[in-house]
1. For region 77-91, enumerate the residues that are touching a Phe, Trp or Tyr at 6+ places or on another chain (Cβ under 8 Å) and in contact (Cβ under 8 Å) with a residue 40 or more places away in the chain.
2. Going through region 118-139 one residue at a time, which ones are of a type in the set (A, V, I, L, M, F, W, C) and over 15 Å from F165 (Cβ atoms)?
3. Given region 1-120, what helices (runs of 4 or more DSSP H) lie entirely inside it while holding 2 or more residues that are under 21 Å from L135 (Cβ atoms), touching an Asp or Glu at 6+ places or on another chain (Cβ under 6 Å) and of a type outside the set (A, V, I, L, M, F, W, C)?
4. Answer yes or no: is there a residue in region 101-108 that is in contact with a Lys or Arg (Cβ under 9 Å, 6 or more places away or on another chain), on the phi < 0 side of the Ramachandran plot and among the hydrophobic types (A, V, I, L, M, F, W, C).
5. Identify the residue in region 143-177 that is aliphatic (A, V, I, L, M), out of contact with any helix residue (DSSP H, G or I) (no Cβ under 7 Å at 6 or more places or on another chain) and assigned to a helix (DSSP H, G or I) and, among all such residues, is surrounded by the most Cβ atoms within 10 Å (Cβ to Cβ).
6. Given (1) in contact with a Ser or Thr (Cβ under 7 Å, 6 or more places away or on another chain); (2) farther than 19 Å from L48 by Cα; (3) touching a residue at least 24 places away in the same chain (Cβ under 8 Å), identify the lone condition not met by H156.
7. Scan region 119-137 and tell me whether some residue there is within 30 Å of Q23 (Cβ to Cβ) and buried (at least 19 other Cβ atoms within 10 Å of the Cβ).
Amino acid sequence: MDKGQLDAYEKIKSMQQHLNETQVDYWHAHSALDTWQFWIILILFFLLPLVSVLFFIDGKNKLLIGFYGFNIHVWFGYIDRIGSENGFWGYPYKIFPFIPGNVSLDAALVPILFMYVYQWTLKTNKNFYIYSIGLSVFLSFVFKPIINMHELFKLHKGINFLHLFMFYCIIFIFSKIITNIFLRLPLREKPKMDK
């Protein structure tokens, strides 16, 4: 690494550290345990969805549904991080100040809602895509405007709820494609262990 590259690398690292410290300071001042927003996000968007999985996930298909949900979580997390870090949207209140985006939505509420739609369409033999589009409409044009109205979520730089709808659709379709690819992979025999 030459000196110019090393200096640029050190500058980026220093700026990231300063940003992290600023985010933690902001969280302590405006988003910590003493705000009602923290508790709404923790309970309704994080804990309640995670606990609901213990009671409502289909035991017979839990790995399939969990794999699909994990795909939603990963891709939604990437999209959310890109949007947050580029200033397209933001979350004034968070559970954890040091995690980009909003972990309660990325890791809990949104993936679990999509998991329930997937589970329901598997059980009832309904059209997965129609009901997933329906959930995307709900999340984009009902849920996000409500949390935006209560300042738990903010849109910036001309991004609107239609853009969010497109992101949800891309994410659930891509996650379904990946899940289908893994379902079609041939099963291999387990290698025999030498004794």
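1. I79, G83, W89, G90, Y91 - these are the residues of region 77-91 that are touching a Phe, Trp or Tyr at 6+ places or on another chain (Cβ under 8 Å) and in contact (Cβ under 8 Å) with a residue 40 or more places away in the chain.
2. W120, L122, F128
3. Of the helices (runs of 4 or more DSSP H) lying wholly inside region 1-120, those with at least 2 residues that are under 21 Å from L135 (Cβ atoms), touching an Asp or Glu at 6+ places or on another chain (Cβ under 6 Å) and of a type outside the set (A, V, I, L, M, F, W, C) span 62-85.
4. Checking region 101-108: at least one residue is in contact with a Lys or Arg (Cβ under 9 Å, 6 or more places away or on another chain), on the phi < 0 side of the Ramachandran plot and among the hydrophobic types (A, V, I, L, M, F, W, C).
5. Filtering region 143-177 down to residues aliphatic (A, V, I, L, M) leaves 146-147, 149, 152, 155, 159, 162, 164, 166, 170-171, 173, 177.
If we keep only those that are out of contact with any helix residue (DSSP H, G or I) (no Cβ under 7 Å at 6 or more places or on another chain) too, we end up with 146-147, 149, 159, 162, 166, 170, 173, 177.
From what's left, assigned to a helix (DSSP H, G or I): 146-147, 149, 162, 166, 170, 173, 177.
Details: I146: 10, I147: 19, M149: 9, L162: 10, M166: 12, I170: 13, I173: 15, I177: 11.
Once the filter is applied, the top-ranked residue is I147.
6. H156 satisfies all of (1) in contact with a Ser or Thr (Cβ under 7 Å, 6 or more places away or on another chain); (2) farther than 19 Å from L48 by Cα; (3) touching a residue at least 24 places away in the same chain (Cβ under 8 Å) except (1).
7. Among the residues of region 119-137, at least one is within 30 Å of Q23 (Cβ to Cβ) and buried (at least 19 other Cβ atoms within 10 Å of the Cβ), which makes the answer yes.
Computed from the coordinates by the stated procedures, all read-outs in this text should not be read as laboratory data. Because the structure is predicted, anything quoted here is derived from the model rather than measured. Here Cβ is always computed from backbone atoms with ideal geometry, including for glycine, and neighbour counts include all displayed protein chains.
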